[in-house]
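To start, the structure under review is shown below, and the notes come after it.
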Amino acid sequence: MSTLQAPAPAAEAPARRPVTFAQALNTALADALSADDAVVVFGEDVGTLGGVFRITDGLTQRFGRTRCFDTPLAESGIAGMAVGMAMNRMRPVIEMQFDAFAYPAFEQVASHIAKMHNRTRGAVTLPIVIRIPYAGGIGGVEHHCDSSEAYYAHTPGLKVFTPATVEDAYLMLREAIDSDDPVVFFEPKKLYWSKAPVDLAELRERYEDRAPEPREGRAVVARPGTDATILTYGPSVPTALAAAGTAQAEGRSLEVVDLRSIVPFDDETVGASVRRTGRVVVVAEAPGFASVAAEIVARVQERCFHSLAAPVRRVTGFDIPYPAPKLEEHYLPSVDRILDAVDDLQWED
């Protein structure tokens, strides 16, 4: 007579360990170098030191000095060399150590990197990734905390990405490196040490199996809400989420949309959120005049005017050079400034 045996308990999936934003980027670079011999990484101090923020830590030791190497302190030369390498079927990933350090390279970016594909009628592609640690919140001084995304977003021929989560940091950098178009990849410095439970091996497998939906040109609703929409990206996403949490405790439901991809821009997701809530606040660290935030407001007004219950408001950095470290908390968008803008969305009507 047989005895029925209880089924063995299913093995528990291994717990996801906390991974930093910086670790996700480092792993994405390592995986891209492993996957494609045409990928090379170079810039100031990215080799032996592993980068100022250690994003390239260990890559030279693992892949050798021909795949990850230091350059002279010459940003224009770094970008120009990337152009020549990309024209010869390589995939350069270059680092511009700090946001404002990239300005000497801008002529190469605007005149050649952005235009080569069009100039050659599609015969030449430049699969270059320009990594730029950007924005404030780290107590840095002038030339170390600029939000320069508008210069690049305004330049036709470039894609502009800025992830805000650990998972997006990995997946969007892999996407950028695999793109045949040049990508300016903005990394929010203050998020380098943020953590989330992520299985990087699983992410690698998903990406290489093409399982995740592409992030390029696709925003995501980071927090659903019904009363108003906060449109934001990069370093301002955690602040917007914190403001939404505070508003919830006060009885107001705010939806937060993380744009992720500035160029191309996801009008569909943004428009759907605006039509649901009817009120909008755009949040970004950069100065407000002639900014990405201004472009977002224009696009919302043009596409969703009849769905708006109030004028679109902006919460941005002020139209001044980036302030001294002790003053940056007064300059950057804050929870209080966001909630003040939300309060001003004509609720009495």
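Ranked highest first by average number of other Cβ atoms within 10 Å, how do 234-244, 73-83 line up?
234-244, 73-83
Where in the chain are the DSSP H helices whose C-alpha atoms run 20 Å or more along the long axis and whose mean Kyte hydropathy is at least -1.0?
Going by DSSP H runs, the hits are 21-35.
Which whole number in µm²/s is D for region 116-269 by Stokes-Einstein, with the Kirkwood Rh taken over Cα pairs at 4 °C and 1.567 mPa s?
77
Between region 49-88 and region 294-335, how far is it from one alpha carbon centroid to the other, in angstrom?
For region 49-88 versus region 294-335, the Cα centre distance is 35 Å.
For region 210-269, which GluC sites (Glu not before Pro) are both in a DSSP coil and crowded by at most 16 other Cβ atoms within 10 Å?
Loop-located and lightly packed - Glu250.
In bins 5 Å wide, starting from 0, what share of all Cα pairs of region 78-188 does each bin hold, as a percent?
Final binned percentages: 2, 13, 24, 25, 19, 11, 5, 1, 0, 0.
Ignoring chymotrypsin sites (Phe, Trp or Tyr not before Pro) that are buried or in helix or strand per DSSP, and keeping those with at most 14 other beta carbon atoms within 10 Å, what is the longest stretch of the chain between them?
Segment 1-192 is the longest.
Run down the lysines and flag those whose C-alpha is under 20 Å from the C-alpha of Lys115, throwing out any fewer than 8 positions away in its chain.
Excluding near neighbours in sequence, the set is Lys159.
Going by a ≥ b ≥ c, the root eigenvalues of the Cα gyration tensor, does region 260-349 fall in the rounded group (a/c under 1.5), the prolate group (a/b larger than b/c) or the oblate group? Don't skip to the end; give the middle numbers.
Working: a/c = 2.49, a/b = 1.47, b/c = 1.69.
Here region 260-349 falls in the oblate category.
How much net charge surrounds Ser76 when only the other residues with a Cβ under 15 Å from the Cβ of Ser76 are counted, with Lys and Arg +1 and Asp and Glu -1?
Net charge around Ser76: -4.
Output the direction-averaged projected area (hull surface divided by four) of the convex hull of the alpha-carbon atoms of the chain, in nm². Could the numbers behind the result be given before it?
On the way: hull surface 94.4 nm².
About 23.6 nm², averaged over all directions.
Full extension from Val141 to Thr226: what is 0.36 nm times the residue separation minus their Cα-Cα distance, to one decimal in nm?
This chain segment gains 26.7 nm when fully extended.
For the chain, report the accessible area per residue in Å² (1.4 Å probe, heavy atoms, rounded to an integer).
Result: 46 Å² per residue.
So, counting K/R as plus one and D/E as minus one, what does the shell of residues with Cβ under 14 Å around Gln248 add up to? Numbers along the way, then the final one.
Details: positive: Arg223, Arg252; negative: Asp227, Glu250, Glu255.
It works out to a net charge of -1.
Return the loop-located GluC sites (Glu not before Pro) in region 284-349 (DSSP other than H, G, I, E, B) with at most 11 other Cβ atoms within 10 Å of their own Cβ; answer none if there are none.
Of the GluC sites (Glu not before Pro), the ones in loops of region 284-349 whose Cβ has at most 11 other Cβ atoms within 10 Å are Glu348.
What is region 19-209 by shape, rounded, prolate or oblate, if you read a ≥ b ≥ c off the alpha carbon gyration tensor as root eigenvalues and call it rounded for a/c under 1.5, prolate for a/b larger than b/c, and oblate otherwise?
rounded
For a quick check: with amide H placed at 1.01 Å from N, whose amide H comes under 5 Å from Val40's, ignoring anything fewer than 5 positions away on the same chain?
Arg91, Val93
Val282's amide H: which non-local residues (gap 5+, or another chain) put their own amide H closer than 5 Å, with H modeled 1.01 Å from N in plane and none for Pro or chain starts?
Leu231, Arg313, Arg314, Val315
If R0 is 25 Å, what FRET efficiency do you get for Gln346 and Ala249 from their C-beta distance, rounded to 0.05?
After rounding to 0.05, the efficiency reads 0.65.
Say a site is exposed when it is one of the trypsin sites (Lys or Arg not before Pro), sits in a DSSP loop, and has at most 12 other Cβ atoms within 10 Å; what is then the longest site-free stretch of the chain?
Result, exposed sites excluded: 211-349.
Let's test the formula: R0 of 25 Å, r as the Cβ-Cβ distance of Phe289 and Ser111. What FRET efficiency results, to the nearest 0.05?
Values: r = 25 Å, r/R0 = 0.99.
With a Förster radius of 25 Å, E is 0.50.
The values are calculated or read from the model by the stated rules, or taken from the named source; none is laboratory data. What you see is a predicted model; the values in this text were computed from it and never measured. Reconstructed Cβ throughout: ideal geometry from the backbone, glycine too, with neighbour counts over all protein chains shown. Note: areas computed on protein heavy atoms with side chains; ligands, DNA, RNA excluded. Shrake-Rupley method; radii C 1.70, N 1.55, O 1.52, S 1.80 Å.
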